[in-house]
Amino acid sequence: MARKKSCLVVVDVQNDFCPAGSLAVPEGDQVVPVLNRWIGHFEDAGLPVIYTQDWHPSDHVSFRATGGIWPPHCVQATHGAAFHPDLDVRGTIFRKGFVPHLEAYSGFDGTLNGEPGGLSMADWLKRERVRRIFVGGLATDYCVKATVLDGLESGFEVVILPDAMRAVDVEPGDGDRAVHLMVEHGAGLSYRPE
Ligand code: VGL
Ligand code: ZN
């Protein structure tokens, strides 16, 4: 069978990365309706949808108080760490960034439900015989970029969804540069489906 099984990977669509969140990504909430369309199509096709969730302890190394560059965000079990309330969440969740001293931007650093030593996202995808991942979410220039580059490195075909992602843009243009970099590394592009 020539079919290459696809999986949709929804990266970090959490309250803290949306307007009013502690690490608000400009227009972060605008990815939700676009992703919900993709989620519906994958479900209709019987294909898996998985979600990554930034899931930090309150003393995480990425926070300014502990030497990092970010305000506290996505602290475990807080409202900020929860998925955007309008996001259709019906699949398997991989949590990442739960080890206090380890930065973890990539979904491939995540484990099933954030269990330390639990099944990794790559092993889950291999177990499901997934060959191609479609990636959208937050933020283009951090966790989406890291997830896409790791996915390519791990041998998956990767398709990015530029209108289903938004950038932090610490420096103006970071998001655009991240898209170019992902394409340079072999990612394809696809846009909002009908
Ligand atoms: C992210 C900064 C810090 C992201 C996570 O999801 O892109 N960015 N932690
Ligand atoms: Zn984080």
Query raised in the report: Could you list, in sequence order, the residues of region 123-140 that are more than 14 Å from residue 13 (Cα to Cα) and either part of a helix (DSSP H, G or I) or under 13 Å from the mean Cα position of the chain (by Cα) (or both)?
Result: 123, 124, 125, 126, 127, 133, 134
**Report entry** Within region 127-173, tally of residues that are farther than 13 Å from residue 28 by Cα and touching a helix residue (DSSP H, G or I) at 6+ places or on another chain (Cβ under 6 Å)
**Finding:** 9
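So if I check each of 61, 89, which one is within 12 Å of ligand 2 (Cβ to nearest atom), outside any helix (DSSP H, G or I) and open to solvent by 30 Å² or more (accessible area, probe 1.4 Å)?
61
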Query raised in the report: Would you pick out the residues in region 142-166 that are farther than 16 Å from residue 12 by Cα, among the aliphatic types (A, V, I, L, M) and in a strand (DSSP E or B)?
Result: 158, 159
Query raised in the report: Does residue 42 satisfy the criteria of being within 16 Å of ligand 2 (Cβ to nearest atom) and either assigned to a helix (DSSP H, G or I) or farther than 18 Å from residue 166 by Cα (or both)?
Result: no
Report summary line: residue 176 fails exactly one of (1) within 21 Å of residue 35 (Cβ to Cβ); (2) crowded, with 19+ Cβ neighbours inside 10 Å, namely (2)
Report task. Hey, could you check region 106-140 for residues that are open to solvent by 20 Å² or more (accessible area, probe 1.4 Å) and small (Gly, Ala, Ser) and say which is farthest from residue 95 (Cα to Cα)? Result -> 117
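Residue under question is residue 150, and the condition is that it be more than 15 Å from ligand 2 (Cβ to nearest atom), more than 21 Å from residue 50 (Cβ to Cβ) and either open to solvent by less than 60 Å² (accessible area, probe 1.4 Å) or of a type in the set (Asp, Glu) (or both); does it hold?
So residue 150 does not fit the description; no.
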Query raised in the report: Out of all the residues in region 92-105, which are within 11 Å of ligand 2 (Cβ to nearest atom) and open to solvent by less than 30 Å² (accessible area, probe 1.4 Å)?
Result: 96, 97, 104
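The values are calculated or read from the model by the stated rules, or taken from the named source; none is laboratory data. Note that the coordinates shown come from a computational prediction; the quantities given were computed from them, not determined experimentally. A quick note on method: Cβ atoms are made from the backbone with ideal geometry, for glycine too, and the neighbour counts reach across all protein chains shown. Heavy atoms of the whole protein, side chains included, go into the accessibility calculation; ligands, DNA and RNA do not. Shrake-Rupley method; radii C 1.70, N 1.55, O 1.52, S 1.80 Å.
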